[in-house]
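Below you'll find the structure, written out as structure tokens, and then a few comments.
The values are calculated or read from the model by the stated rules, or taken from the named source; none is laboratory data. Remember, it's a predicted structure, so these values are computed and weren't measured experimentally. Note that we place each Cβ from the backbone using ideal geometry, even for glycine, and neighbour counts take in every protein chain shown. Ligands, DNA and RNA are stripped out before the accessible areas are found, and what is left, the full protein with its side chains, is counted by its heavy atoms. Shrake-Rupley method; radii C 1.70, N 1.55, O 1.52, S 1.80 Å.
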Amino acid sequence: SQQSFCIEFNRKALIDLFYVFNNKNDYYYGPVLYAENDLKKTTDNITKKIIDEIISQYSNIVLEEIENIFEIYSSPEMKKQSKKVLHYFYSLIKQHGHYCEHEYRFTLQNNKSPSFRIRKGLFVPYLEIPFEPEKIISKIILGPNNCGDFAITNLEFFLKELNLSHIKVEKSKMRIR
């Protein structure tokens, strides 16, 4: 059996951390949109979700600027920005089967050199982002395969030794298949 952990982060603290890490440049973040089926079959559904998300997030701006939208949209700069927005939303789409994760993603684009690790024989690039766990991590959830209350007790002891005892620990409510 394989142990699994889910780490819950403080969203506001992550937003601030990534903003500073990205040299105070813009970056993208938001809730993941879960496609009902295969992405090729649900393009209309995904498009509808993206439009709904844009409307819900930016309705005030759109209502104030409605007269200028058609003029602005035809400019080359606006076309470039529209392409960036589409890439952003594409990075927030995931298969529907993962809906229970209620995932929130961050997409940073910068010129920092990545580090590499090897996973299953492949080089995987990643960015090292220094952070203070006591400000970022809010909860750790143990997967259903972990060893019950004993696993919780040991994890709480481990966190206490790291001066992170304020982090909540709980067992997943998901059942084992």
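Residues in segment 119-152 that are open to solvent by less than 80 Å² (accessible area, probe 1.4 Å), modelled with pLDDT of 90 or more and over 26 Å from Arg11 (Cβ atoms): Gly121 alone. Whether any residue in segment 11-31 is open to solvent by 100 Å² or more (accessible area, probe 1.4 Å) and modelled with pLDDT under 75 is what I want to check. The answer is yes, given that some residue of segment 11-31 is open to solvent by 100 Å² or more (accessible area, probe 1.4 Å) and modelled with pLDDT under 75.
Counted as qualifying within segment 86-160 are the strands (runs of 3 or more DSSP E) with 2 or more residues that are more than 16 Å from the chain's Cα centre (by Cα), namely 115-119, 122-126, 137-142.
Only one entry in Phe116, Phe106 is open to solvent by 100 Å² or more (accessible area, probe 1.4 Å) and hydrophobic (A, V, I, L, M, F, W, C), namely Phe116.
Looking at the structure I just gave you, is Asp38 modelled with pLDDT of 65 or more, out of contact with any strand residue (DSSP E or B) (no Cβ under 8 Å at 6 or more places or on another chain) and open to solvent by 70 Å² or more (accessible area, probe 1.4 Å)? No, not satisfied.
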